[in-house]
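Below: one structure, written as C-alpha cells.
Each reported figure results from applying straightforward, stated rules to the coordinates on display, with no laboratory input. Not measured: the values here are computed from a predicted model. When we count neighbours, we look across all protein chains shown, and the Cβ atoms used for this are built from the backbone with ideal geometry, even at glycine.
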Amino acid sequence: MPIGHGARKESQRLFTEAQALIPGGVNSPVRAYRSVGETPVFYDRADGAYVWDVDGNKYTDFVGSWGPMILGHRPAAVMQAVADQLTRGTSYGAPCEAEVILAEKIVSLVPNIDMVRMVSSGTEATMSALRLARGYTKREKIIKFEGNYHGHSDALLVSAGSGVATLSIPGTPGVTEGTAKDTLVARYNDLDSVAALFAAHKDQIAAIIVEPIAGNMGLVPPLPGFLEGLRTLCDDNGTVLLFDEVISGFRASLGGAQELFGIQADLVTFGKIIGGGFPVGCFAGRADIMKCLAPSGPVYQAGTLSGNPIAMAAGIATLSELAKGDGAIYKRLDAKGALLKQGLKDAVSGSDIQACVQSLGSLATIFFTPGPVTDWQSASLSDTELFSRYFKLMLRRGFIIAPSQYECLFVSDAHTEEDIIAFTSAVKDVLCEL
Ligand SMILES: *Cc1c(COP(=O)(O)O)cnc(C)c1O
C-alpha cells in the first residue's frame, strides 16, 4: 500500500464533484487546503494514530479531528459505549441518565464549576455562555483577543484566529456593525490593552472571553501573570471571566488550564474532547451564574440534539479513559509532546530556516518566524508561503498536519514514540529541502 505520496485521484474526483454541490467543496473552510494550494484529502477511514484516504494512502494523523481524538481514532472503550447506546436509541429529545453522568464527571474533574449545560458544538457553547454572561451582568460589551478563535457566532468573528486568520479575512460580511461594536478587541498577553478597554468602557463590559492557552493562531501559551491579571481586572470591574477551553479542556490537564495555572474562571466552555468524536460542546460555571439559564432563570438557551445520548455515551467513555490511573495518560502525552518538541527544535536548528517551536503538553506549532510568538502580531510575521511548501512535502511523506500556519499539531495517546520520531525526522529532511 502506498504511503501518502501515492496518487490522490479519487480525492481529486470527489473534490471536483463536491465543489459543484457544497460551497468550496467542504463543510468547514480550512479543510479545503486552499491556503496551502493542495487538493484536500478525502478520508475513507481512521484507526489509532492513522488515517487512510479514498485512494488507499495511509497517513500518520497529527490533526486528530482538530483535537477531539485525544485517545486516537476508534478507541475500544468509546466504540463499545456507542455500540451499547445504539441498541437503546439514537436521540430522545428528553432527559436521560447519561446527561447526568457526564455533567457529574465534568463537575468533579474540572475545578470551580458547579453546573453544566450541554450543547452540540464549541460555537454554541461560547455563543450561549456570552449570552448568559450578558444576562447575568446586564451589560452588553465583551472583550476578546486578536487571534483567538471561539467559533463562528457573529459577535466572536471579529479579529478571529483559525480559518478566519488563515484566509486573511479581517472581519466577515454578514456580521452587522451593531454586533461588531459590542466586541472589543485586546492584544493577547498584553494586560495594558485590556485595562485600556476597561477604562474606556467603564461598567459596560459583561465578559472577557479568552483561550487560556491560545491554539488558533498556532500554539501561544499565556505569559506568566497574564491570566492572573485578567482575573484581577474582572474582579475589579464586576466582569465575568470566561475561559474558552474548547481545545485546552481535558488536554492541557484533566482539569484544563484552570487547573494547570491555578486560575479560577467564572464560566468555562468545552467542546472537541468532551464529545469523544461526536458533535458536543458545553458551558459550565458557578451555580449563581448558571442558574440564570432557562428554565431556572430568564436567559433562554435550548437545543433539539443537546445531551444527545450517543454523544453523551462517547463523552463519558472518553473522560473515563482520561481519568484512569491518576493522570497516567497525561504523563504519556506530555512525554510524547516533549519528544516532539525536542525533535522539532533539532530539525529547526539543523536547517537554515528561520523558525521557532512552541509547545505545551501534547500541542505544538512550528512558526516560520524567529519568534517568540506571544500574540497575533508576532504570529502574523510567519512566512506562510514557506509553511505551504513545508505542508506539501510533509503530506507527500504521509503526514497529515493542519493545512495552516495558525493551527497546532495534536498528539494523541495512540501515537507511538516511533510515530513521533518518524515525524520529526521527516520534518528535519523537509526543512533542509525547503
Ligand atoms: C474549535 C473551537 C471552537 C469552536 O468549536 P466548534 O465545535 O468548531 O464550533 C471554539 N473555541 C475554541 C478555542 C476552539 O478551538
In nm², the average projected area of the convex hull spanned by the Cα atoms of segment 76-320 is 12.9
For the chain, list the DSSP H helices whose alpha carbon atoms reach 27 Å or more along the long axis and whose average Kyte-Doolittle value is -0.5 or above? 328-349
In the neighbourhood of Ala160 defined by beta carbon distances under 10 Å, the net charge of the other residues (Lys, Arg +1; Asp, Glu -1) is 0
Rounded, prolate or oblate, given the Cα gyration tensor of segment 361-434, with a/c below 1.5 counting as rounded? oblate
5 Å is the cut-off here: which amide hydrogens, built 1.01 Å from N in the peptide plane, fall below it relative to Cys282, excluding neighbours closer than 5 in sequence? Val119, Phe270, Gly271
For Phe410, which sequence-distant residues (separation of 5 or more, or a different chain) have an amide H within less than 5 Å of its own amide H, given hydrogens modelled in the peptide plane? Val63
About the Cα centre of the chain, what is the dipole size in debye to 20, counting +1 per Lys and Arg Cβ and -1 per Asp and Glu Cβ, all else neutral? 460
Percent of beta bridges antiparallel (DSSP, segment 76-320, rounded to nearest 5): 40
Which whole-Hz ³J(HN,Hα) couplings does segment 63-74 yield from phi under the Karplus relation 6.51 cos²θ - 1.76 cosθ + 1.60, θ = phi - 60°, glycine and proline marked x? 10, x, 6, 6, x, x, 7, 5, 8, x, 7, 6
Taking the alpha-carbon set of segment 32-116, what are its Rg and Dmax in Å? 17.7, 48
Going down the list Lys9/Lys331; Lys144/Lys272; Lys105/Lys331, which pairs span over 30 Å between their C-alpha atoms? Lys9/Lys331
For Lys141, counting only aspartates and glutamates whose alpha-carbon sits under 13 Å away and dropping same-chain residues fewer than eight positions off, the answer is Asp182, Asp203
Packing-based order for 197-208, 212-223, using average beta carbon neighbours within 10 Å, highest first: 212-223, 197-208
Relative compactness, the chain, computed as alpha-carbon Rg over 2.2 N^0.38 Å: 0.95
Below 8 Å between Cα atoms, with a sequence gap of 6+, how large is the relative contact order for the chain in percent? 23
Derived scalar couplings ³J(HN,Hα) [segment 145-154; Karplus, 6.51 cos²θ - 1.76 cosθ + 1.60; whole Hz; x for Gly, Pro]: 10, 4, x, 7, 10, 10, x, 10, 6, 3
